[in-house]
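Presented below is the structure to which this report refers.
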Amino acid sequence: MAAHKIRVTVNGTLHEVEVESRLLLVHLLRDVLRLTGTHIGCDTTHCGACTVLLDGEAVKSCTVLAVQADGRQLMTVEGLEQDGRLHPIQEGFWQEHGLQCGFCTPGMLMTSYALLKRNPKPSETEIRQAISGNLCRCTGYVNIVKAVQYAAAKQQ
Amino acid sequence: MSGDGQGARGPGRVIGRPRRRVDGRAKVTGQTLFADDLFLPRMLFCKLVRSPHPHARIVAVDTAAARAAPGVKLVLTGEDFPIPYGIMPVSQDEHALCRDRVRHVGDPVAAVVAATERQAAEAAGLIRVQYEPLTTIASPEEALATPEPRIHDYGEGGNVHRLAHFAFGDVDEALRGADRVFEDLFFYEGSTHIPLEQHAAVAALDPDGRLTLWSSTQTPHYVHRELARALDMPAHRIRVIATPNGGAFGGKSDPFNHEIVVAKAALLTGRPVKIGLTREEVFYCHRGRHPVLMRLKTGVKPDGTIVAMDLETLLDGGAYGSYGAASALYTGALQTVTYHVPRYRFRACRTFTNKPPCGPKRGHGTPQPRFAQEVQLDKIAVALGKDPADLRLQQIAPAHSLTANFLKLGSIGLRECIERVVDGSAWRARRGKLPFGRGLGLACSSYLCGAGLPIYWNDMPHSGVQLKLDRSGAVTAFSGATEIGQGSDDVLAAIVAEVLGIEASDVKLVTGDTDLTPVDLGSYSSRVTLMAGNAAIQAAERAKVMLAQAAAEKLGVSPERLAFADRRVFDVENPDAGMGFADAVILAETKLGTIGTTGSYRPPASAARYRGAGVGPSAAYSYTAAVVEADVDPASGWVTVAKVWIGHDIGRVLNPVLARGQVEGSVYMGLGEALMEEQTFRRLPPRLSSALVHKIPSLLEYKSPTSLEMPEVVTYFIEEPDANGPFGAKEVGQGPLLPIAPAVANAVYDAVGVRVDEVPITPEAVLRGLEERGEGHAARVGPRAFPAVRWPDALCVAPPWEGGDGTAVGQKPGRAGRGGGGGAVATTGSRT
């Protein structure tokens, strides 16, 4: 199994690691870098619990090879909070009860973060479309939509 | 119990007010550590080898190549697990690894423990198991027709696991005297929980050799017991820690084989051992909703009032007992709780099949018969020309009464639930009057607030809470309850805070740890708010007495004059005379020594004393009514739910934000079951041992509603405080799921005139109905036959209004009535 030296910047910190060709990005984050806020919920790229930002774009990190992240910028849920202050999207999910068990939450947060970056004033339909690739079994999505709206309002 | 008082309504200082949940910050920062997030030094990884056959004898297991593979530290087989276990004392039918027989695809036969997960997986692939395939049983019908080979050598003979037959009054006589009798067959398909977190567990040894297991479990106490049993180890040498569950919905209530395997592996290697199941493995672990075929016969008066109900249920139990002995009884036990049913006969049959075992899923055994009754009531209303809402309003079970099967009902807010959803949806103006393709459907339900009996018979508390207060002003609550996302941490913190006059965020929680926390039976059967909540009130009231005694002495007033609010303890008649909460603790610690209190809770005794009466009793029952508005596309059969109005009698709201979230989540899960979710299997050809494989064991194909399918939900809370609930509160986690599927079915009928007497209500089913309707037939899609079951003789119990005392005819006095919850589940009569 070939090993590759890669350089990835995760939440602003540069990591140089040696990885196998087949290592998935989610395993690099969880098993190698021990950033366990990114979750695995399905193995088939459907649930979205593993969503992270790759050069600012939301990707499901179970369908990206670690080597594909070489030389690129990653952001995970651990990167949202800055200087002890929650990001508005985090505030929104907490304040609007956009979470119950919290397992889908990191993926939802990253998808929503990417949405608000490209569309700071999304309509409810646009929010629902954006998160439709992220599954939640607890909330019925009602408060997740409200949480994103809260963050959008706060970021204005 | 509390100064705030039972029967009080509206918000208190903490309870009833919207709060951000106390564990929310950890969840939005990724700091919550789920079981699979734990990494311990020197940790090994475990993979299970699972059977590809649905039913086979294990002839030989060759592990030599796996043992020699790189990184492998340990290989285990059924030989290592001689002791059976199971959640119910009456069905100890599982081994952590199968010993001589596999009973469903996915049954584990061997385990490999290696330095990395990949090494474990690769070595697992080297294990050669020689099987001798046996006849496979795919359905209850096949189970009834195929007594041999038996999947288990216990039960009711053949492949029947459990039979029950109860008669509360002479139902045949009442049906003969009824003005109309309605008889229908219904089928409710099985579905699975899909907690987004796949099960995971880590086992490790303490320096002194004691075993610790971290696991995504809803029931650490039961896992603790079963680990001790299966490992033949003293329970006090084992510690079980329930990590926060990434969703559960009943799917993490059984003690699981993988938990026992990693525990054994840690004992044998002396190193931490982790296992994380794949999503496919979770589908095969299952323990979800039983597929249930139902025959429901109801006799009514000319105005539609029920005079008698006769229900038969046939359950597809899958390959093991799991909670099935209780599940079978739950398909009938609560049918008397929503409406007054003067006479009731209930027969249940649970069969074994060669599929993953079914167990408890949100609503445990109750959504199926609720679907049957609520759809049938809709038919009765149509036949009698009545408004379905009125038909229900006229026969709500009376509050504070006994049912025909001797369940003790408390507060009932169903009338207001119905009125609110009827008003909100403009039901009376719109039902039956919307354009073709759009319809409204109504359904109601009730659910228990905690099973009245424990899984294993004992007289000890079901919930315990300990409080520690110290001079820093810190309050720590220790509870065995498990946070599965429902918000139990927040509810416990709020209750303690309310009593002590502090904020919920002031209360530190230690939960779900069998070493540190008092026993709590677990987060199942909607029991935590009521049971752990009452225990928390008791513990907090006891602490309050200690603080009040010391503070009163300092202030020179009697303790009765003191109030606890806004983090202060003060004289109600002179609020300036007082002190901060922490100062009150210092005074109490000075005067009385270290401050610690306990509270415990055990549900009230049941009035039912017949055998099998252990399932159904509860300290209180919640009530729900829902109206669903649906669009049905006549061209495709596609059903789109446009809006849901739901009224829930919660007794008293402890945190409106959390409660609303539970209702919305229940509506979501109910819609999934109503429209798309299916745990179904297909049979492969005989050369593949007729394997019964899951049709769709991945989240890509197992359909569940996304944010795009989820409609608007309008939630109404009815606060009808129940004397047995903490501050009057009742459950909200499960009940609101129950009316959704029947309300959808009734809305489809209102929209296009098609009766779909089964769930899920697929486009195919709707189209089939529309075709029938076009051909002039009765437009009904659903089961056509109920197979012959050899029912045992009825256990006859006279209803309270016919002179019954809760015992069965001919029953000897004694403990018999305690059966059913678990320990004493027994057959209800001899075979005819």
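The values are calculated or read from the model by the stated rules, or taken from the named source; none is laboratory data. Every value quoted in this text rests on a predicted model; they were computed, and no experiment measured them. Note that each Cβ is placed from the backbone with ideal geometry, even for glycine, and that neighbours are counted across all protein chains shown. Surface areas here come from the heavy atoms of the whole protein model, side chains and all, with no ligands, DNA or RNA. Shrake-Rupley method; radii C 1.70, N 1.55, O 1.52, S 1.80 Å.
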Inside 10 Å of the C-beta atoms of B:267-279, what's the mean count of C-beta atoms belonging to other chains? 1
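Once neighbouring chains are kept in place and the probe is 1.4 Å, which whole percent of the accessible area of chain B is contributed by carbon and sulfur? Can you show the working numbers first?
Working: 13520 of 26420 Å².
The computed percentage sits at 51.
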What the 10 Å binned alpha carbon P(r) of the range A:88-155 shows, as percent of pairs per bin from 0, is 25, 64, 11
Projecting the Cα atoms of B:ALA779, B:MET294, B:CYS46 onto the charge dipole of chain B, where Lys and Arg contribute +1 and Asp and Glu -1 at Cβ, the residue farthest towards the positive end is B:CYS46
Is the C-alpha gyration tensor of the range B:328-464 telling us rounded, prolate or oblate? Criteria: a/c under 1.5 is rounded; beyond that, a/b larger than b/c is prolate, otherwise oblate. prolate
Other protein chain Cβ atoms within 10 Å, averaged over every residue that makes up A:127-137: 5
Shape call for chain A from the C-alpha gyration tensor, a ≥ b ≥ c root eigenvalues: rounded (a/c under 1.5), prolate (a/b greater than b/c) or oblate? prolate
Residue by residue through the range B:85-91, what is 3J(HN,Hα) from phi via Karplus (6.51 cos²θ - 1.76 cosθ + 1.60, θ = phi - 60°)? Round to whole Hz and write x for glycine and proline. 8, x, 5, 9, x, 7, 9
Shape call for the protein assembly as shown, from the Cα gyration tensor axes a ≥ b ≥ c (a/c under 1.5 means rounded, otherwise prolate when a/b beats b/c, else oblate), comes out rounded
Between B:VAL714 and residues 5 or more places away or on another chain, which pairs have amide H atoms under 5 Å apart, with H built 1.01 Å from N, and which residues are they? B:VAL644, B:TRP645, B:ILE646
With a 1.4 Å probe and all protein chains kept in place, how much accessible area does A:LYS117 have, in Å² rounded to the nearest 10? 140 Å²
Could you tell me the relative contact order of the range A:3-79? Use alpha-carbon pairs under 8 Å, at least six residues apart, and round to a whole percent. 39 percent
Going down the list A:LYS5/A:LYS154; B:LYS47/B:LYS355; A:LYS154/B:LYS643; B:LYS264/B:LYS355, which pairs span over 32 Å between their C-alpha atoms? A:LYS5/A:LYS154
Indicate, rounded to the nearest 5 percent, the antiparallel portion of the DSSP beta bridges found entirely in the protein assembly as shown. 75 percent
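Could you order B:ILE83, B:ILE455 so the one with the most accessible surface comes first? Probe is 1.4 Å. Display every interim value, and only then the final one.
Working: B:ILE83 50, B:ILE455 10 Å².
I get B:ILE83, B:ILE455, largest accessible area first.
Provide B:ARG568, B:ARG687, B:ARG780, A:ARG85 ordered by accessible surface of protein heavy atoms (probe 1.4 Å), highest first. Each step should come with its number before you reach the end.
Values: B:ARG568 75, B:ARG687 195, B:ARG780 45, A:ARG85 175 Å².
Descending order: B:ARG687, A:ARG85, B:ARG568, B:ARG780.
Give me the summed buried accessible area for the A-B pair, 1.4 Å probe, to the nearest 100 Å². Show your work: numbers first, answer last.
Details: alone 8340 and 28570 Å², together 32620 Å².
What A and B bury together is about 4300 Å².
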What does the helix-only formula give at 222 nm for chain B: each DSSP H stretch with n ≥ 4 adding -39500 (n - 2.57), the total divided by the residues, and the result rounded to the nearest 500 deg cm²/dmol? -7500 deg cm²/dmol
Too long for a 18 Å Cα-Cα cut-off, among B:LYS301/B:LYS379; B:LYS554/B:LYS591; B:LYS408/B:LYS812; B:LYS252/B:LYS361; A:LYS60/B:LYS252, are B:LYS408/B:LYS812; A:LYS60/B:LYS252
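Calculate the dipole size of the range A:88-155 relative to its Cα centre from +1 charges on Lys and Arg beta carbons and -1 charges on Asp and Glu beta carbons; express the result in debye to the nearest 20.
Working: 7 positive and 4 negative charges, 25 e Å.
Value, rounded to 20: 120 debye.
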What residues qualify as long-range amide H neighbours of B:GLN218, i.e. H under 5 Å apart, gap of 5 or more or another chain, H built at 1.01 Å from N? B:LYS252, B:SER253
Relative contact order %, chain A, counting alpha carbon pairs below 8 Å whose residues are six or more apart: 24 percent
Would you mind checking which residues have amide H under 5 Å from B:ALA96's amide H? H placed 1.01 Å from N; only 5 or more apart, or other chain. none
Restricting to Cα pairs under 8 Å and 6 or more apart, the percent relative contact order of chain B works out to 18 percent
Near B:LYS386, which aspartates and glutamates are there with a Cα under 12 Å away, not counting those fewer than 8 places off in the same chain? B:ASP303, B:ASP378
Hey, what do the phi angles of the range B:132-144 turn into as Karplus ³J(HN,Hα) couplings, whole Hz, using 6.51/-1.76/1.60 and θ = phi - 60°, x for Gly and Pro? 10, x, 10, 4, 9, 10, 9, 8, x, 4, 5, 5, 5
Convert each backbone phi in the range B:208-222 into a coupling constant with the Karplus relation 6.51 cos²θ - 1.76 cosθ + 1.60 (shift: θ = phi - 60°), then list the ³J(HN,Hα) values in order as whole Hz, x for Gly and Pro. 8, x, 6, 8, 10, 10, 9, 8, 7, 10, 8, 9, x, 5, 5
